[in-house]
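See structure below.
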Amino acid sequence: MAARGLAGLLPVQTQLEYALLDADSAQEKENLVYQYLKRMDSPERDLVVPELGADLQWLNTEGPISLHKDLCGKVVVLDFFTYCCINCLHLLPDLHALEHQYSDKDGLVIVGVHSAKFPNEKVLDNIKSAILRYNIVHPVVNDADATLWHELEVSCWPTLVILGPRGNMLFSLVGEGHREKLFLFTSITLKFYKERGQIKENKIGIKLYRDSLPPSPLLFPGKVTVDVSGERLVIADTGHHRILITRKNGQILHTIGGPHSGRRDGRFSEAAFNSPQGVAIKNNVIYVADTENHLIRKIDLESELVSTVAGIGVQGVDKEGGARGEEQPISSPWDVVFGSSIAGTQEDDVLWIAMAGTHQVWALMLEGGKLPKGSDLKKGACLRFAGSGNEENRNNAYPHKAGFAQPSGLSLAPEEPWNCLFVADSESSTVRTISLKDGAVKHLVGGERDPLNLFAFGDVDGAGINAKLQHPLGVTWDKKRKLLYVADSYNHKIKVVDPKMKNCATLAGTGEAGNVVGSSFSQSTFNEPGGLCIEDSGRFMYVADTNNHQIKVLDLETQILSMLPILTPEACDVPDNLPVQKDKITNLPKLPKSAPNIQLPSLTVAPGQTIQFLLKLTLPPDSKLNEEAPSSWFITAEDNTWLLQGQCPSGEIKDISSQTLIPFQLPRSCLSAEAILAVKACLYYCSKGSSACMMKGISFSQPLQIAPTNQGTLTQVELTHSFLTN
């Protein structure tokens, strides 16, 4: 008979659950499940799951899958999930382990049924990105209208439903933390139906989306921060499971961890992370929210060592804490920021942690001190600061009675009258504040007054509760302008909040997912930006544009947006403060005598300033680059080689359909007030009507007037040319 929903399973499965609680041994539990299946295995009384709609979109498969044709003869685990949900993410390691133990040949197939909470999560491309981020390798169906969800009367995320080989419902598991039961129910179900000859060994056509992705320097970067000097960026390259430290021109200084997930302390070359998110830097020390390892890690740039300072490496359920960091279990830390205790003797003696997994904000004491409404604490203590642990949008004068819903971003405003932590509370779609005087939790923008309504989302500029956000993941405080910037992730926007007036307005992004670069803020587009930071001078904001695999740079003075190039050490191995290596110069291509030399207008710049050359070349009609002979750009400075100290002097041109970004940073110590840079390009290409390979070259001559004026730290220069004939 047709399914009456999960309610039809409830009475008989409840009896089994109580019996399992009384069972003393593993054998007794297996026997109880086996007897349960004997009672449930009756085709006349089957609770049959309806067929999935033929028009639904599938991922990680060669085509649509029929529950009652393709999966007939399989034990199927349906995972009802939505990709924003931290509890759903906590379940994924259990499913990974299960599919590692049993394959489709063994008779098991896991199917993710994506039933969206937010409108943004109904979009197939966004689900694709989530599948890649979380390394989901089983089939996933986009049940955008929650058809199967409603048919089975599913009520919360995550919910697992285990089906027998006729599509007959056997078990349901609601919420996370049921790994033992999942393995018990699945293994006995496979055994039971194999004994009856009802398990088929046919393979299911799997086609992983990740296999078609081109390589990129970054993969789903989650967070970014900048040091106090503005010279170094720290990027959580989340999908590559590594931390990058770069110069502000994108040149990589350190690569720590990656490309595969793991959990190892030690030297940079051997350390390993698992989907790191939040990063905080002070001097030469970086703290990392190592999210899927459930750890806080410390990176020492001087000793080049990584250590663990909080967490035990497995997901914790403790909502109080208080043990020493390395002995204290924690759950999915998502962001970290430095702060100061109210009774400490040192600045930045606390690391605040957005503990998304328990819906709380925690503190790691870097020195002894005291928290608001708390007692004296020893160095190393790790404990809950705010949040009851209930998933709510509840404000309260007492921090422990307040409720958060997956806090995912933190920023500190230590100055009066603010003296607070700003919290991007993603699942309530709000930004909240926590007072650092008394711990009071208050609403700033988004959401609504009912603390249990976590569906008050939208995209509305306005004040306080009239403003609407959609799953914001990041916040950063602009101490120069006294404004807060918000990564409104599922609206694909950056918003600005005036905390004094509680006004929230769109700063950048159109609201549509995209990747428009080099435009004004109003025309620029993002794709689920996850984190952002602003340098102390207030000029540049850096945004982790997660699903575009990029760091975007927003110039808050000119309102121009650009992309930060990630330049590998191999391409930029000119040592700091040393002359440019001679072989670097002699190995550069020689341009043909016919190559045009374009004189550019003189540019006034300051020592230490960054110039971004935007190179856009057009080949003759019906021509394409020759992949066998790599085209390249390079920079020379005859008679002024001091300009090239510490620079990246050359790079590949892989695609001329878009701009090639060439970064150049002037030395802080300049030996002359005038100099000339030459930016040159060498293109190898083929005409579609000919088998011959041709070469074109061009040189752009850029005179520089160097003066110690305040020119800002970034200037863009467009270099364009069309080669009209062969």
Considering only residues that are assigned to a strand (DSSP E or B), among the aliphatic types (A, V, I, L, M) and more than 21 Å from Gly651 (Cβ to Cβ), which ones fall in the range 221-269? Val224, Val226, Val234, Ala236, Ile243, Ile256
Scan the range 699-721 for residues that are modelled with pLDDT under 90 and among the hydroxyl-bearing types (Ser, Thr, Tyr) and jot them down. Thr709, Thr713, Thr715
Is it true that Thr246 is in contact with a strand residue (DSSP E or B) (Cβ under 6 Å, 6 or more places away or on another chain) and not acidic (Asp, Glu)? yes
Applying the selection to the range 12-48, what residues are touching a helix residue (DSSP H, G or I) at 6+ places or on another chain (Cβ under 8 Å) and not in a helix (DSSP H, G or I)? Ala23, Asp41, Leu47
Consider Ser216 carefully, then state whether it is out of contact with any Ser or Thr (no Cβ under 7 Å at 6 or more places or on another chain), under 30 Å from Asp545 (Cα atoms), in a loop (DSSP other than H, G, I, E, B) and polar (S, T, N, Q). yes
Condition set open to solvent by 30 Å² or more (accessible area, probe 1.4 Å) and in contact with a Cys (Cβ under 9 Å, 6 or more places away or on another chain), scope the range 144-171, selection nearest to Thr186 (Cα to Cα): answer is Arg166
Kindly indicate whether Gly374 is touching a Lys or Arg at 6+ places or on another chain (Cβ under 6 Å) and not in a strand (DSSP E or B). no
Kindly indicate whether Glu180 is more than 25 Å from Lys128 (Cα to Cα), within 36 Å of the chain's Cα centre (by Cα), free of Cβ contacts under 8 Å to residues at least 12 places away in the same chain and open to solvent by 70 Å² or more (accessible area, probe 1.4 Å). yes
Restricting to the range 309-357, give me the number of residues that are more than 12 Å from Arg384 (Cα to Cα), among the hydroxyl-bearing types (Ser, Thr, Tyr) and open to solvent by less than 40 Å² (accessible area, probe 1.4 Å). 2
Checking the conditions here, which among Glu367, Glu326 is farther than 24 Å from Gly403 by Cβ and in a helix (DSSP H, G or I)? Glu326
Does at least one position in the range 248-261 carry a residue that is more than 25 Å from Val226 (Cβ to Cβ), within 21 Å of the chain's Cα centre (by Cα) and either surrounded by fewer than 17 Cβ atoms within 10 Å (Cβ to Cβ) or of a type in the set (Asp, Glu) (or both)? yes
Test Gly530 against the criterion of being at pLDDT 95 or above and crowded, with 24+ Cβ neighbours inside 10 Å, and give yes or no. yes
Residue count, the range 188-228, condition free of Cβ contacts under 8 Å to residues at least 24 places away in the same chain and open to solvent by less than 70 Å² (accessible area, probe 1.4 Å), comes to 1
Looking at Ile676, is it in a strand (DSSP E or B), open to solvent by 30 Å² or more (accessible area, probe 1.4 Å) and hydrophobic (A, V, I, L, M, F, W, C)? yes
Qualifying residue in the range 128-139 (condition: more than 33 Å from the chain's Cα centre (by Cα) and either over 25 Å from Gly5 (Cβ atoms) or of a type outside the set (Ser, Thr, Tyr) (or both)): no
Which of (1) in a helix (DSSP H, G or I); (2) over 29 Å from Gly511 (Cα atoms) does Cys382 not meet, given it meets every other one? (1)
From Asp348, Asp290, Asp300, which residue is closer than 30 Å to Gly258 by Cβ and at pLDDT below 95? Asp348
Requiring at least 2 residues that are touching a Cys at 6+ places or on another chain (Cβ under 6 Å) and open to solvent by less than 10 Å² (accessible area, probe 1.4 Å), the strands (runs of 3 or more DSSP E) wholly within the range 414-522 are 493-498
What is the residue count in the range 22-33 for residues that are farther than 21 Å from Gly8 by Cβ and open to solvent by less than 90 Å² (accessible area, probe 1.4 Å)? 7
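Listed here are the residues, each with its yes/no results for (1) closer than 21 Å to Pro276 by Cβ; (2) outside the structural domain of Tyr102 (by the TED database).
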position	(1), (2)
Lys203	no, no
Leu219	yes, yes
Asp227	yes, yes
Glu231	no, yes
Val234	yes, yes
Gly239	yes, yes
Arg247	yes, yes
Gly250	yes, yes
Thr255	yes, yes
Residue ID - modelled with the lowest pLDDT, chosen from residues in the range 621-654 that are closer than 22 Å to Asn597 by Cα and of a type in the set (Asp, Glu): Asp639
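The values are calculated or read from the model by the stated rules, or taken from the named source; none is laboratory data. Note that the structure is predicted; figures quoted are calculated from it, not measured. Backbone-built Cβ (ideal geometry, glycine too); neighbour counts: all protein chains shown. Note: areas computed on protein heavy atoms with side chains; ligands, DNA, RNA excluded. Shrake-Rupley method; radii C 1.70, N 1.55, O 1.52, S 1.80 Å.
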